[in-house]
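Since the structure comes first, as structure tokens, the remarks are kept for the end.
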Amino acid sequence: MKAVLQRVKRACVTVDGKPMGKIDRGLVVLLCVEQGDNAETAAFFAGKTARMRIFSDDDGKFNLSLLDVGGKALVVSQFTLAGNWRKGNRPSFSSAAQPNIANPLYGEYCKTLENLGVPVETGVFAAHMDVDLVNDGPVTIWMDSDR
């Protein structure tokens, strides 16, 4: 599993011009499910997402989590994070999980975040989406279960 967490002031996702998910303060999570991922991976990533201290306290230190600040998560499925760019000029996405595996694990990640107390908005799995955000900081964190 791979994820890019972006701390945002606000964000929204649209499909065919129709709003699908919208948040104010929180995280945009670009999530990629890869071959070999399972419910345990999704739960681990969700826990890390909810508890990662990347929001500033009153002293400007990264001491607060998404849960601490009452933030929301906008979770967008993004298989292109699996892109292997090392050979040739067209990335290979062969390590991405097939949709019949990826979609349920994407849902499991979102459900676990909600169960931890994080309000979740989503895009539409496998759709072409427009994501609009105002990055706060900017603060961007890369998560990779292979590392």
Structure-based [θ]222 nm, the chain - -39500 (n - 2.57) summed over DSSP H runs of at least 4, per residue, nearest 500: -7000 deg cm²/dmol
Does anyone have the angle between helix 99-115 and the longest principal axis of the chain? Alpha-carbon axes, 0 to 90°, nearest 10? 10
Quickly work out the Phe44-to-Thr140 label distance, labels modelled 7 Å from Cα along the C-beta direction, and quote it in nm with one decimal. 2.5
Counted charge near Gly123, where neighbours are those whose Cβ lies closer than 13 Å (Asp, Glu -1; Lys, Arg +1): -2
Could you tell me what percent of the DSSP beta bridges with both partners in the chain are antiparallel, to the nearest 5? 75
Report which label in [x] 14.8, 42; [y] 20.0, 66; [z] 15.0, 48 holds the value of Rg and Dmax of the Cα atoms in Å derived from the coordinates of this structure. [z]
List the residues, sorted by chain then number, that are 5 or more residues from Val139 or on another chain and whose placed amide H is less than 5 Å from its amide H. Arg7
In the neighborhood of Lys2, defined by Cβ-to-Cβ distances under 9 Å, what is the net charge if each Lys or Arg adds +1 and each Asp or Glu adds -1? -3
Taking a ≥ b ≥ c as the square roots of the eigenvalues of the Cα gyration tensor, with a/c under 1.5 meaning rounded and otherwise prolate when a/b exceeds b/c and oblate if not, the range 1-71 is oblate
Accessible area of Asp132, 1.4 Å probe, to the nearest 10 Å²? 100
Given backbone amide H placed at 1.01 Å from N, residues whose amide H is under 5 Å from that of Ser77, ignoring those fewer than 5 places away on the same chain, are Leu31, Gly123
Give me, ordered by chain and number, the residues 5 or more places off Gly21 or on other chains with an amide H under 5 Å from its own placed amide H. Val13
Could you pull out the pairs from Lys48/Lys72; Lys2/Lys48; Lys48/Lys87 whose alpha carbons sit more than 24 Å apart here? Lys48/Lys87
Between Arg53 and Asp130, the two model label points (7 Å from Cα along the beta-carbon direction) sit apart by a distance in nm of 4.0
Using label points projected 7 Å from each Cα along Cα→Cβ, tell me how many nm separate Ile101 and Arg86, to one decimal. 2.0
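The values are calculated or read from the model by the stated rules, or taken from the named source; none is laboratory data. None of these values were measured; they are calculated from a predicted model. Positions of Cβ are generated from backbone atoms using ideal geometry, with glycine treated the same way; all protein chains shown enter the neighbour counts. Surface accessibility is based on the protein's heavy atoms, side chains included, excluding ligands, DNA and RNA. Shrake-Rupley method; radii C 1.70, N 1.55, O 1.52, S 1.80 Å.
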